[in-house]
1. With unit charges on the beta carbons (Lys and Arg positive, Asp and Glu negative) and the dipole taken about the Cα centre of the chain, which residue among Ile628, Ser539, Leu455 sits farthest to the positive side?
2. Could you state the angle between the C-alpha long axis of helix 39-49 and the longest principal axis of the C-alpha atoms of the chain, as a value from 0 to 90 degrees rounded to the nearest 10?
3. State the label only: which of (1) 31.7; (2) 56.2; (3) 35.1 corresponds to mean projected area of the Cα convex hull in nm² computed from the shown model?
4. What would the Debye formula give as log10 I(q)/I(0) at q = 0.09, 0.10, 0.13, 0.18 Å⁻¹ for the alpha-carbon point model of segment 456-597, no solvent?
5. Stick to the Cα atoms of segment 32-175, pair each with every other, and give me the Kirkwood hydrodynamic radius in Å at one decimal.
6. If the cut-off is a Cα-Cα distance under 27 Å, which lysines reach Lys96, setting aside same-chain residues fewer than 8 apart in sequence?
7. Can you list residues from other chains, or at least 5 along the same chain, whose modelled amide H is less than 5 Å from the amide H of Ala614?
8. Convert each backbone phi in segment 302-314 into a coupling constant with the Karplus relation 6.51 cos²θ - 1.76 cosθ + 1.60 (shift: θ = phi - 60°), then list the ³J(HN,Hα) values in order as whole Hz, x for Gly and Pro.
Amino acid sequence: MNKTMVICSIERFPNHNSEDRLEFQPGVNVIVGPPNSGKTKWLQFIDYLLGDDKNPEEALGKDIYDKYESAKMVIDLGGTEHIIERRWKEAGSRTKVIVDDKLMSSQDAGHFFMESLGIPILHYPQGNPYGPRTWPELSWRSLLRHVYRRQGFWSDFADRQPESEQHACLLQFVGLAEHLFSNKYGDLVSKEKKISELTIAKDQFMQNLQEISSDLLEEKSMSVGLTPESIKKVMCQIQAQIDEMQKKRQNVLRELANKTSVGSQNDRPVMFDQLSKKLVDLNSQQEKSKTLLQNTLDRLAEIEKYRDLIVSELERLNRTKVASKVLSELKVTHCPACDQEIQKKSSEQNVCYVCGQMTPLVKTEDNKRLEFEVEQLEGEIKETEQLTASLQQEVDQLKIQNAQIAKELERINRLLQPVQTAAAQILPPEISILDMETGRFEERLQQLRRVEKSLNRRDKLNEQIQKIQNDITQLEVQVTEQHSQLNFEKASDDFADGMNSYLNTIRESNPSSWTLGSPVAFHMGKSGFKATIAREKWSAKLGGTLTLYFIIAYHYALMSLVSKPGYHYPGLLILDFPPELEDGSSVADKENFVLEPFLKLQESLKPTKTQVIAMGSSFKDLPAASRIEFKKVWGE
C-alpha cells in the first residue's frame, strides 16, 4: 500500500492572546470566506511548516511575522502522527524545522518527509545529462510544487519550475525516476564526461607540446608531429655527433701532447699527478661528508620533534593526575531530588552517607596506571635527551670535518692554479670550439629527453581513459538492463486516463464546462514529457477557463496514482483558487463541480487516507466535504 500524507490540524501562536487552530479531516476539506479573510495566510503557514527555507518574514509576510511567534501542525505520515513546528522568534530555531521536538534543517526535514512516505531521494540531470552542470537533488520542495497549487500560479503544471525539473517530479510520482536516474546511470554519465574531459586534455596537451617543441628543437624530422620513434631517431643522431666531437677533441689533445712532450712520460712532474689525484679524492670526501651531515641533521630534528610530543603527553597526564585528585575529593552536599542539605548519618568509613550502602574499598589501580605511564614517558624523555646529545656531538664533528676538507681543497686549488693557467695558454682554439659544440649538442639532447618524458604523459592519459572505458562498458550493460524495464507507455496511459476521467466527469455534470471533444494525450519519456490535445500543445490550445479545468485534471491524475502500486504521490492536494481567471471570468461559479470528482475519487481510494484542502469563496452544496468558514475580513 502506498504511504500518504494527511494534515490533521494546524495552530499558530500569536505574541498575545490565545492560539488560532484549524482541524482537517481525511477526504475533501473546503475553506470558504470573503476576500481578505485570511484563508491564503493559513496555506502559507502549512507551506512554511512543510520545510520552506526562506526567511520567515519573506515566507509569511512582515505583518504575520510580527503578530505570531510560532506555528505547529500535526500530520499523519504513512499511518504515524508527527508534530511539525516552526519557532521563528526563538533563539537557535529561527531557520529550523522542529520534527517531534528535534531540530532539523529544511533539507533534513524534506528528507524526513520523503523517507516517511517511501519516496526515494535521488539526483536528476538539468537538461542534457552529459552537460557540464552537476546533477542536483530532487528535493521535497520541488515535489511540493505539484501538491500545493498557489493562488497566483494557475498557468502551468508547476509555475516557475524548469521543464527538466517538472519532468523529474513526474517520473518520481510514477515510480520511474529511481530507475531512470539511478546511481549507476549517474556514474555512467560522470565517467563518460570524465573521458571527454581527458580526451580534450590530451589533445590540448599534445598541441601545446608540439608548439613548444617546434620552437625549441627545430628538428625537420618532427615538423609534422611528435612521435616516440622520431624523438629516438633524433637523439641517436645527436649522440653520434657528440661522440664524433669527443673523438676530434682526443685527436687534438694527442697531437698537442706529441708536440710538447720532451723525453718520456716519466718526465711529467710527479707533484702535479699527486695533487690532481688528491683533488679528486677530496671532492669525493666532501660530497660524502655533506650527505652524512644532512642525514644526521634530519635525524636530530626528528628526535627533537618526538621529544616535544612526549613532553606534551606528559603534561597532559600530569594535569589528569591533578584533576583526578581534586575531583575525587568532591562530595555530595545536597540531595539531588529535593535540594536539601545532606546530614551524615553513619561514621563508618566504608558506608555511603547518601544511600547508606556499603562502598567498595578505594581502588588505586587508575592512579597506579597513571604513575606507570608518567614513569614510562619520563624514561623516554631521558633516552631522547641522551640521543639528542649524541647526535649533536656528531653534527659538530661533521661540521669540523667539512671545514677541514674545504680548507684543504682551497689549498690544493691554489697550488694547481699556475699549472692550469699555463695549460690554458698552450691549448689550441679547436678545443674550445669542440667543447662549445659538444655542449650545444648535449643541451639539445637534454631537451629531447625532457620532450620524451613529457610525451610519456600521453600514455598515462590513455591508460586512465582505457580504465574508465572498461568501467563504462560494464555500467552500460547494467544501465541498459535497468532502462529496458522502464514502462513509460503504461505510466503515460495511466496519467492520460486520470486526466480524461476527470474531464469526462465534469462534462457529464456540466456539459458546457469542457467544450473540446478531443481527449488529452500525455507522453512521458527519458528526456521529457508533453501533453497535447488534438496533437497540439495544451497551453496553445486552451484559454483561461479551460486551463483551470486542465490543471485540476492534472492534479486529479496525480491523486489517482495513489491506488497504483509502485507510485509515489503523497495523496495530498492543496488548491488555492484565484478569484478570477486570466480571461476575467469568475471562479466562484465553477468551484463546486470542479471538486465533485475528487469526492468520488476519495471514496474509491479508501481505506488509503488521502486529502484535498481547497480555498474558495463559497463551495455551496458540497455536503460530503468538511467545511471551515471564515467571516471576519481583515482590516474591518
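1. Leu455
2. Approximately 30 degrees, to the nearest ten.
3. (2)
4. Relative scattering, expressed as log10 I(q)/I(0), comes to -0.43, -0.49, -0.68, -1.09.
5. 16.7
6. Lys3, Lys39, Lys41, Lys54, Lys62, Lys67, Lys72
7. HN-HN under 5 Å from Ala614: Asn29, Val30, Ile31, Leu575.
8. Those phi angles translate into 5, 5, 5, 5, 4, 5, 4, 5, 5, 4, 4, 5, 5 Hz.
Laboratory data are not the source of any read-out in this text; all were calculated from the coordinates shown. Bear in mind the structure is a predicted one, so any value in this text is a computation, not a measurement. Please note: Cβ atoms are built from the backbone with ideal geometry, for glycine as well, and neighbour counts cover all protein chains shown.
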